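The next block holds one structure in the form of structure tokens; read it before the comments.
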Amino acid sequence: MALLTIILVIVIVLSLWVAGTFNGLVTLKNRAKEAWADIDVQLKRRYDLIPNLVETVKGYATHEKELFEKVTQARANAMSAQGAQGRAEAENMLSNTLKSLFAVSESYPDLKASVNFLELQKELTDTEDKIQAARRFYNTNVRDLNIKIESFPANLIAESFGFMVMELFQTANEMERQPVSVKF
């Protein structure tokens with residue numbers, strides 16, 4: 001009778017541990033998905049601002065056609081990118097082209113004084129800050145999930161139920177970490 005009670009207690013404790021570990025993994029996975037959705041919201045906001053910004057700059061800097069095309073192409077690439085790594089690379093390229101656009105604006109005093117341009121620049125800067133915060137939030141949640149998935153003994157449960165390590169949203173290479181150089 002005592003042996004049966006001990007076995008029953010062990011089975012119950014083990015079952016509770018499996019359930020708790022599984023639920024913890026589900027919670028972490030859903031937090032990471034929510035964080036990814038937060039990135040999407042901020043990126044959509046940026047995508048919506050870019051055409052207005054380009055049109056405003058076009059009015060003052062009509063001979064910068066190549067730059068406008070690069071910004072438009074980078075925006076299209078970013079909007080169609082898939083997966084964390086692909087999105088990160090496309091977003092970094094878009095950020096670099098936007099830096100170039102703002103650098104060009106320095107050559108146009110009338111543009112720099114335009115209320116519309118200044119407001120768009122302020123909105124885009126605010127959005128960039130929110131994107132960075134959303135990326136950090138996403139990466140924190142992915143890090144926590146990945147640690148749980150890769151740690152023993154939770155990795156046994158994660159593997160049994162098909163939990164997969166998620167990709168961090170990060171800069172792809174050293175070149176993208178460098179400041180943009182604009183020459184006239």
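The values are calculated or read from the model by the stated rules, or taken from the named source; none is laboratory data. All values derive from a computational prediction rather than experimental measurement. A quick note on method: Cβ atoms are made from the backbone with ideal geometry, for glycine too, and the neighbour counts reach across all protein chains shown.
I need the full set of residues from the stretch 130-142 which are under 16 Å from Ile50 (Cβ atoms) and out of contact with any Leu (no Cβ under 9 Å at 6 or more places or on another chain), in order please. Walk me through how you get there before you give the answer.
Filtering the stretch 130-142 down to residues under 16 Å from Ile50 (Cβ atoms) leaves 130-131.
Listed by number, the list holds a single entry, Lys130.
Taking the stretch 81-93 as the search range and keeping residues that are assigned to a helix (DSSP H, G or I), within 23 Å of Glu34 (Cα to Cα) and aliphatic (A, V, I, L, M), which one is modelled with the highest pLDDT?
Our first condition is that a residue be assigned to a helix (DSSP H, G or I); within the stretch 81-93, this holds for 83-93.
After this cut, where a residue has to be within 23 Å of Glu34 (Cα to Cα) as well, the list is 83-92.
Within this subset, residues satisfying the condition of being aliphatic (A, V, I, L, M) are 84, 88, 90.
On the way: Ala84: 81, Ala88: 83, Ala90: 88.
Only one residue tops the list, namely Ala90.
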Leu120 meets each of (1) farther than 25 Å from Glu34 by Cβ; (2) surrounded by fewer than 15 Cβ atoms within 10 Å (Cβ to Cβ) with one exception, condition (2)
Within the stretch 80-119, restricting to residues that are among the acidic types (Asp, Glu) and closer than 28 Å to Asp40 by Cα, the one that is nearest to the chain's Cα centre (by Cα) is Glu91
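Quick one: which residue in Thr97, Thr72 is in contact with a Lys or Arg (Cβ under 6 Å, 6 or more places away or on another chain) and not hydrophobic (A, V, I, L, M, F, W, C)? So that I can check it myself, show each step before the final result.
Values: Thr72 fails: in contact with a Lys or Arg (Cβ under 6 Å, 6 or more places away or on another chain).
The match here is Thr97.
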Restricting attention to the stretch 101-121, does a residue exist that is out of contact with any Pro (no Cβ under 6 Å at 6 or more places or on another chain), touching a residue at least 12 places away in the same chain (Cβ under 8 Å), assigned to a helix (DSSP H, G or I) and of a type in the set (Gly, Ala, Ser)?
-> yes
Across the stretch 33-84, the tally of residues that are buried (at least 19 other Cβ atoms within 10 Å of the Cβ), touching a residue at least 40 places away in the same chain (Cβ under 8 Å) and of a type in the set (D, E, K, R) stands at 2
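Table: residues versus (1) touching a residue at least 24 places away in the same chain (Cβ under 8 Å); (2) small (Gly, Ala, Ser); (3) over 23 Å from Leu98 (Cβ atoms).
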site	(1), (2), (3)
Leu124	yes, no, no
Ile131	yes, no, no
Arg135	yes, no, no
Arg143	yes, no, yes
Phe152	no, no, yes
Ala158	yes, yes, yes
Val165	no, no, yes
Gln170	yes, no, no
